[in-house]
Amino acid sequence: MPLPPIKRVLLKLSGEVLMGDQQFGIDPAFVAELAKEVKAAKETGLEICLVIGGGNIFRGMAGAAQGMDRAQADYMGMLATVMNALAMQNALEQLGVNTRVQSAIQMDQVCEPVIRRRAERHLEKGRVVIFAAGVGSPFFTTDSGAALRAAEMRCDALLKGTSVDGVYDSDPKRNPQAQRFDTVTYDKVLADNLKVMDASAVALCRDNQIPIVVFSIREKGNLARVLAGKGVQTIVQDN
C-alpha cells in the first residue's frame, strides 16, 4: 500500500548518521551531504521539519546504564541534540536554505523556543524547521519527540533515516537471513518489538494515523527516491 500524497513531512535522523565514518561527534563534510539531500527534497515543494538524535555526542540511556541519574543523563542527551540541530542549520544555510531551530529547552541566545504556530508560519514561508531537545522532558527519546512534533505539525508522514534500509524481522547485522518488510502494521511492530522506534513513538503515530517510512539515509539521493515512491524502504501503517 503506497503512501498518500505528501505535502509536509517530518524527517527524523539518528545522531549517529552525523558521525559519517568517524567514531564520535560531527563530521561537517557528511552533514553537508545530508543538507544537500534535505535541500533536494525541499525543492520538490515539500514543507520539511527535522528532528535529529544525539547519540553521536551523548546518549542518555547509555549514561544511565553507567550509573548516572537517568533524568540528568537525558537532559545531557537533549543538549547534544541542540548541538546537532545547530550543525545542520549551518550546513543548510550555507546551501541557501532558510532554517529555524526550535528547542524544547529554552535557550534564547541560540534558538527559538518550540511554538507551534510560529513553526507553522516558518514552514509556510518556505523555511526548514529543526526541532531540538526532544520533548523537553527526561525518559522520552528523540523518536518520541519526532512523533510528537509530527502530530503537532500535522505532518503527512514521519520519515526515519537510519543506517538500515528498512524494518526487518530480526537484526540484519547479526542475522544474514533476516527478512525485510515492504509494509508492516503499527500493531505488528509493537507486538513483535521490531525496534523501528520506541513503543510510545509508534503508538503516537498509530493513534494519529501518521505513516512511518524507514529507509537508509546513508545512500546518496535516497531521500528523494523514497519521497518519489521509489528506493528501498519500509512503510509502517495500518492495512
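The values are calculated or read from the model by the stated rules, or taken from the named source; none is laboratory data. If you're wondering where the values come from, they're calculated on a predicted model, not measured in any experiment. Glycine also receives a Cβ, built like all others from the backbone with ideal geometry; neighbour counts cover every protein chain displayed.
Any residue at all in region 26-35 that's in contact with a strand residue (DSSP E or B) (Cβ under 9 Å, 6 or more places away or on another chain), within 22 Å of residue 150 (Cβ to Cβ) and not hydroxyl-bearing (Ser, Thr, Tyr)?
Among the residues of region 26-35, at least one is in contact with a strand residue (DSSP E or B) (Cβ under 9 Å, 6 or more places away or on another chain), within 22 Å of residue 150 (Cβ to Cβ) and not hydroxyl-bearing (Ser, Thr, Tyr), which makes the answer yes.
Considering every residue within region 212-229, establish whether at least one is at pLDDT 95 or above, in a loop (DSSP other than H, G, I, E, B) and either touching a Phe, Trp or Tyr at 6+ places or on another chain (Cβ under 7 Å) or buried (at least 19 other Cβ atoms within 10 Å of the Cβ) (or both).
No: region 212-229 contains no residue that is at pLDDT 95 or above, in a loop (DSSP other than H, G, I, E, B) and either touching a Phe, Trp or Tyr at 6+ places or on another chain (Cβ under 7 Å) or buried (at least 19 other Cβ atoms within 10 Å of the Cβ) (or both).
Do you know which of the residues in region 1-39 that are small (Gly, Ala, Ser) and either out of contact with any Leu (no Cβ under 7 Å at 6 or more places or on another chain) or not in a helix (DSSP H, G or I) (or both) is surrounded by the fewest Cβ atoms within 10 Å (Cβ to Cβ)? Show your work before the answer.
Let us first name the residues in region 1-39 that are small (Gly, Ala, Ser), namely 14-15, 20, 25, 29, 32, 35.
Checking which are either out of contact with any Leu (no Cβ under 7 Å at 6 or more places or on another chain) or not in a helix (DSSP H, G or I) (or both) leaves us with 14-15, 20, 25, 29, 32.
Details: 14: 21, 15: 22, 20: 17, 25: 14, 29: 9, 32: 16.
Taking the candidates together, the pick is 29.
For residue 209, only one of the following conditions fails: (1) touching a strand residue (DSSP E or B) at 6+ places or on another chain (Cβ under 9 Å); (2) over 15 Å from residue 11 (Cβ atoms). What is its number?
(1)
Going by the structure shown, is residue 64 farther than 15 Å from residue 131 by Cβ and over 14 Å from the mean Cα position of the chain (by Cα)?
Working: farther than 15 Å from residue 131 by Cβ: yes; over 14 Å from the mean Cα position of the chain (by Cα): yes.
When the stated conditions are applied, residue 64 passes them.
Among the listed residues 164, 184, which satisfies the condition of being closer than 27 Å to residue 74 by Cα and touching a residue at least 12 places away in the same chain (Cβ under 8 Å)?
Being closer than 27 Å to residue 74 by Cα and touching a residue at least 12 places away in the same chain (Cβ under 8 Å) holds for just one of 164, 184, which is 164.
Here is a yes/no grid of residues against (1) free of Cβ contacts under 8 Å to residues at least 12 places away in the same chain; (2) among the hydroxyl-bearing types (Ser, Thr, Tyr):
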| position | (1), (2) |
| --- | --- |
| 127 | no, no |
| 132 | no, no |
| 136 | no, no |
| 147 | no, no |
| 156 | no, no |
| 170 | yes, yes |
| 176 | yes, no |
| 179 | yes, no |
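Is it the case that residue 107 is surrounded by 14 or more Cβ atoms within 10 Å (Cβ to Cβ), touching a Leu at 6+ places or on another chain (Cβ under 7 Å) and closer than 28 Å to residue 154 by Cβ?
In short, no.
Taking residue 79 and the conditions (1) in a helix (DSSP H, G or I); (2) touching a residue at least 40 places away in the same chain (Cβ under 8 Å); (3) in contact with a Ser or Thr (Cβ under 7 Å, 6 or more places away or on another chain), which numbered condition does it fall short on, given that it satisfies the others?
Residue 79 satisfies every listed condition except (3).
So which pairs qualify, if the first residue must be in region 109-121 and touching a residue at least 40 places away in the same chain (Cβ under 8 Å), the second must be in a strand (DSSP E or B) and of a type in the set (A, V, I, L, M, F, W, C), the Cβ gap must be under 6 Å, and the two must be at least 6 apart or on different chains?
As it stands, the answer is 119/129, since those pairs meet every condition given.
Please go through region 95-147 and give me each residue that is among the aliphatic types (A, V, I, L, M), more than 20 Å from residue 161 (Cα to Cα) and outside any loop (DSSP other than H, G, I, E, B), ordered by number.
The answer is 119, 123.
Within region 104-123, take every residue that is among the charged types (D, E, K, R) and in contact with a strand residue (DSSP E or B) (Cβ under 8 Å, 6 or more places away or on another chain) and give me the one that is farthest from residue 47 (Cα to Cα).
Top of the filtered list is 112.
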